[in-house]
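A.B. asks: Questions regarding the structure given below will be posed in turn.
The values are calculated or read from the model by the stated rules, or taken from the named source; none is laboratory data. This one's a predicted model, so the numbers in the text were calculated from it and none came from an experiment. All Cβ positions, glycine included, derive from the backbone under ideal geometry; neighbour counts span all protein chains shown. Side chains included, ligands, DNA and RNA excluded: accessible areas come from the protein's heavy atoms. Shrake-Rupley method; radii C 1.70, N 1.55, O 1.52, S 1.80 Å.
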Amino acid sequence: MTSDHTIRLSILVPVYGVERWIATCARSLFEQTLWEGVEFIFVDDASPDRSIEVLGRVLAEYPARVAQTRILRHPANRGLAAARRTAIDAARGEWLLHVDSDDLLVADAAARLVAAAGEHPGADLVFGGYYAAADPAHDTARQRLKVRPPRWSRERWLRTLVAQSHRIANRTWGVLIRRSLCTEHGIYPVEGINFAEDYAVMPRLVHAARSIVTVRAPLYGYRMARDGSYMRRLDDRAAAQYVAANRVVTDYLKGAADYEALRPSVVLGRLNIEKWILKRGLAPEEYDARLFCDGDRPRRPLHRLYAAAIESGTPLLARLAGFVANLAG
């Protein structure tokens, strides 16, 4: 087993109900061009299918990776956030890289991300690009949708993520995260928040980061939302978890010295969540008190107009008002 002080990178993978895809994911990890100083941590979140059996068979094909791999187990299902937290707690690397078990890494992803971190010693986050497809393992699928991270300041990243405008994705997967950013600032996934789990984490990480580096190449293959995935659960439970994630982010930011500068983005983020709820046929007024429990209501004219459009219950009107408000920032 590799000693702790030689581990540079911990690749963390939650496993639940991915029997069809885990082999592709695991092979993409075990075949990375960077393997020295890398550990692989899989967390079996009491998966009800044969995911772990398939993973074990794939691992046997790569005997050189066995000593670098740990498979941890939850005796009962606890959800995505808890599985990620278990993996983080077990990690020993300087850097963390989350990979969802139905996605994959391109062969040189780890090498390029770690190299970028080495070129920028002050960086705490390295965002790689990604491509999205129904089947990211299929070569031609890479041409369908490629997303390159923008070269923005940390401040602009933060405002955009907090506002939930979806100009960039709130994602922890495919991002190199300095482990000390989690451990020293207490920034972890929140057990019970499994929908919008990344949103509960990433704005806090960006706020705590010294600087951000981007690798503008598609290094991660993202599987577009499948039946049964968290992104398909557009119901009251998902909405409640989305609102809870907002509470985590807002409470964190309200304790920061720069909250007033971030406040318009915080309010816009709440309104965007209400619009999301309305678009899915739910009643925003049932969540309004939880989103604005601190009484911090919209003050900017465009934000107040946006709030009124949402209150009208007309999705088209809310969408138009939201477009204008998000365009203005």
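A.B. asks: Quick check: the angle from helix 301-311's long axis to the longest principal axis of the chain, C-alpha only, nearest 10 degrees?
C.D. replies: Once rounded, one gets 80 degrees.
A.B. asks: May I pose another question? Just check the stretch 163-268 against the gyration tensor rule for me: Cα atoms, a ≥ b ≥ c as the square roots of the eigenvalues, rounded for a/c under 1.5, and otherwise prolate or oblate depending on whether a/b exceeds b/c.
C.D. replies: Oblate shape, in that a/c is at least 1.5 and b/c is the bigger or equal ratio.
A.B. asks: A further question follows. Amide H neighbours of residue 216 under 5 Å, at least 5 residues apart or on other chains, H built in the peptide plane: list them.
C.D. replies: Here the answer is none, since no amide H 5 or more places off falls under 5 Å of that of residue 216.
A.B. asks: Now, a different point. Helix 315-328: angle to the longest alpha-carbon principal axis of the chain, degrees 0 to 90, nearest 10?
C.D. replies: 80 degrees
A.B. asks: May I pose another question? Can you give me the Rg/Rh ratio for the stretch 262-329, using Cα atoms for both radii and the Kirkwood formula for Rh?
C.D. replies: That ratio equals 0.92.
A.B. asks: With a 1.4 Å probe and all protein chains kept in place, how do 162, 190 rank by accessible area, largest first?
C.D. replies: Reading off the accessible areas and sorting them downward yields 190, 162.
A.B. asks: While we're here: Taking 0.36 nm per residue of sequence separation and subtracting the Cα-Cα distance, how much length would be gained by fully extending the chain between residue 304 and residue 64, in nm to one decimal?
C.D. replies: Stretched fully, the residue 304-residue 64 segment lengthens by 80.5 nm.
A.B. asks: Could you sort the peptides 192-198, 105-111 by per-residue average Cβ neighbour count (10 Å cutoff), highest mean leading?
C.D. replies: 192-198, 105-111
A.B. asks: Right, something else. Give the relative contact order (percent, whole number) for the stretch 2-81; include only Cα pairs under 8 Å separated by 6+ residues.
C.D. replies: Averaging sequence separation for qualifying contacts and normalising by length gives 38 percent for the stretch 2-81.
A.B. asks: Can I ask one more? On a C-alpha basis, how far is the centre of the stretch 260-319 from the centre of the stretch 57-125 in Å? Whole number, if you could?
C.D. replies: When both Cα centres are located, 36 Å separates them.
A.B. asks: Out of these labelled values of semi-axes √(5λ) of the Cα gyration tensor in Å, [x] 35, 21, 18; [y] 43, 20, 17; [z] 45, 23, 21, which was calculated from the coordinates shown here?
C.D. replies: [x]
A.B. asks: Still on this structure, please answer the following. In nanometres, what is the gap between the two model label sites at residue 167 and residue 293, each 7 Å from Cα along Cα-to-Cβ?
C.D. replies: So the two model labels end up 3.0 nm from each other.
A.B. asks: Sorting 202, 224 by accessible area (1.4 Å probe), largest first, what list results?
C.D. replies: Of 202, 224, the descending order of accessible area is 224, 202.
A.B. asks: A further question on this structure: Can you return the lysines within cross-link range of residue 254? Criterion is Cα-Cα under 26 Å, with same-chain partners fewer than 8 residues away left out.
C.D. replies: Straight-line reach from residue 254, under 26 Å: 275.
A.B. asks: Also: List the aspartates and glutamates whose Cα lies under 16 Å from the Cα of residue 279, skipping any in the same chain that are fewer than 8 positions away.
C.D. replies: Filter leaves 235, 236, 288, 311.
A.B. asks: Roughly what angle does helix 197-208 make with the longest principal axis of the chain, taking Cα atoms, 0 to 90 degrees, to the nearest 10?
C.D. replies: That helix lies at roughly 90 degrees to the long axis.
A.B. asks: Could you order the peptides 247-256, 8-17, 168-177 from most to least packed, using the average number of other C-beta atoms within 10 Å per residue?
C.D. replies: Output ranking for 247-256, 8-17, 168-177: 8-17, 168-177, 247-256.
A.B. asks: Quick one: the Cα spread of the stretch 1-153 along its three principal axes, in angstroms, biggest first?
C.D. replies: The Cα atoms of the stretch 1-153 stretch 42, 40, 30 Å along the principal axes, largest first.
A.B. asks: May I pose another question? Would you mind getting me the FRET efficiency between residue 317 and residue 185? Use the beta-carbon distance for r and R0 = 45 Å, nearest 0.05.
C.D. replies: That pair, residue 317 with residue 185, gives E of 0.65.
A.B. asks: Excluding residue 269 itself, calculate the net charge of residues whose Cβ lies under 12 Å from the Cβ of residue 269, where each Lys or Arg counts +1 and each Asp or Glu counts -1.
C.D. replies: +3
A.B. asks: What figure in square angstrom, to the nearest 10, would you give for the accessible area of residue 86 with a 1.4 Å probe?
C.D. replies: Rounded to the nearest 10, that gives 40 Å².
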